[in-house]
Amino acid sequence: MMINTIPAWLKTVLKITIGIIIIGWLLFRFNPKDIIDALAGVQISLLVVAVLVYAITLLLLSLRWRFILRQMGYHVPVLVTYQGFVAGILMSDMTPARVGEISRPLTIRDRVPTHAGLGSVFLDRYCDFVAIFILGCGGLLLLSAAHSPGLLLMVTAVLSIPIVILTAFWVKRSAVLNLVHIFRMPRLSSFATDLGEAMDALSHPALTMGSSILFTLFIWTLQSLRLVLIALAAGFVIPIQEMIFIQPLISALALIPISISGLGFVEGGYVAVFAQYGIPAAAGLAIALLDRVLTVGFHLVVGFRYALRTVGK
């Protein structure tokens with residue numbers, strides 16, 4: 001009960017502080033000079049290419065969201081969905097477990113009713129969860145030689161939770177809705193109803209979600225290419241064919257709700273994985289920090305104006 005008395009702003013400050021402490025611990029655990037040297041020696045041209053790849057990646061992801069909206073009967077211009085999508089990610093950069101993405105419908109509420117936009121976002125995120133689970137299981141197999149099988153099973157179980165819940169909602173919606181109403185939680189009931197209406201609005205549900213999931217699997221190739229380019233800019237080569245399966249696992253660390261957008265946990269995950277490819281810890285941290293700075297910086301440049309819509313009237 002005492003936790004509920006903590007103001008929301010204080011919880012946010014605490015979670016930001018936790019992330020900063022983890023990053024600080026990582027920085028001083030290694031030789032700071034080695035980290036600075038790794039950053040000083042990067043090839044700027046490759047970083048520019050990495051940013052361009054990321055811009056294309058987000059364009060494709062926003063097109064996936066636009067496709068879902070079209071299947072629900074809403075036609076939104078490409079530029080609007082692109083900026084709205086990036087704005088949603090920007091908001092998730094500032095919230096624990098990336099819950100800020102649920103603000104995305106507010107960026108297009110002048111074109112799509114908020115309840116329908118919210119449903120589209122969760123259908124969109126469902127595609128991400130399924131892709132992360134499929135690729136992550138492959139990543140777990142690649143890492144199985146270096147880690148405990150028990151730990152890998154636990155991670156697999158955690159990754160499967162959102163898929164099981166959303167799939168159950170899809171297949172046995174009435175039963176899930178009845179269960180939700182039993183708990184007498186108005187916000188959860190309202191969300192479940194909105195999500196159900198979004199599913200009902202899809203003109204071709206199986207085709208829409210199936211093609212969107214396959215599209216998402218392809219997009220993870222570009223996500224991994226960005227990371228490979230940043231590592232190459234720092235003078236290190238990592239195999240993209242393996243990162244396609246491993247990076248979703250690291251990205252899933254952003255869902256840990258005790259720091260902002262997994263700050264510290266994601267970077268630590270990258271350091272551990274890069275070590276498997278012979279990259280020194282200090283250089284691995286430099287690559288991870290570069291990736292964080294470049295992606296968040298892009299979100300600010302492209303999505304800031306639309307992010308303001310989430311707090312406007």
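Report whether or not residue 206 is over 23 Å from the mean Cα position of the chain (by Cα), modelled with pLDDT of 80 or more and surrounded by fewer than 15 Cβ atoms within 10 Å (Cβ to Cβ). So residue 206 passes the test. A Cβ distance below 6 Å, combined with a sequence gap of six or more or placement on separate chains, defines the contacts here; from region 64-81, residues that are closer than 13 Å to residue 116 by Cβ reach residues that are surrounded by fewer than 17 Cβ atoms within 10 Å (Cβ to Cβ) in the pairs 71/203; 76/111. Checking each residue of region 226-244 against the condition of being at pLDDT 90 or above and under 30 Å from residue 70 (Cα atoms) gives at least one match. Of all residues in region 97-121, exactly one satisfies the criterion of being crowded, with 24+ Cβ neighbours inside 10 Å and at pLDDT below 90, namely 119.
The set of residues from region 95-132 being closer than 20 Å to residue 305 by Cα, assigned to a helix (DSSP H, G or I) and hydroxyl-bearing (Ser, Thr, Tyr) comprises 103, 107, 114. Filtered by the rule that a residue be at pLDDT below 70 and charged (D, E, K, R), region 151-192 gives 184, 187. Restricting attention to region 48-92 and to residues that are part of a helix (DSSP H, G or I) and among the small types (Gly, Ala, Ser), the residue that is surrounded by the fewest Cβ atoms within 10 Å (Cβ to Cβ) turns out to be 55.
Answer yes or no: is there a residue in region 273-285 that is touching a Lys or Arg at 6+ places or on another chain (Cβ under 8 Å) and either without any contact (Cβ under 8 Å) to a residue 40 or more places away in the chain or within 25 Å of residue 83 (Cβ to Cβ) (or both). No, region 273-285 has no match at all.
Residue-level analysis places residue 46 among those that are at pLDDT 90 or above and either under 21 Å from the mean Cα position of the chain (by Cα) or within 22 Å of residue 296 (Cα to Cα) (or both).
The values are calculated or read from the model by the stated rules, or taken from the named source; none is laboratory data. Remember, predicted model here, so these are calculated numbers, not experimental data. Methodologically, a virtual Cβ is constructed for each residue, glycine included, from the backbone with ideal geometry; neighbour enumeration extends over all protein chains shown.
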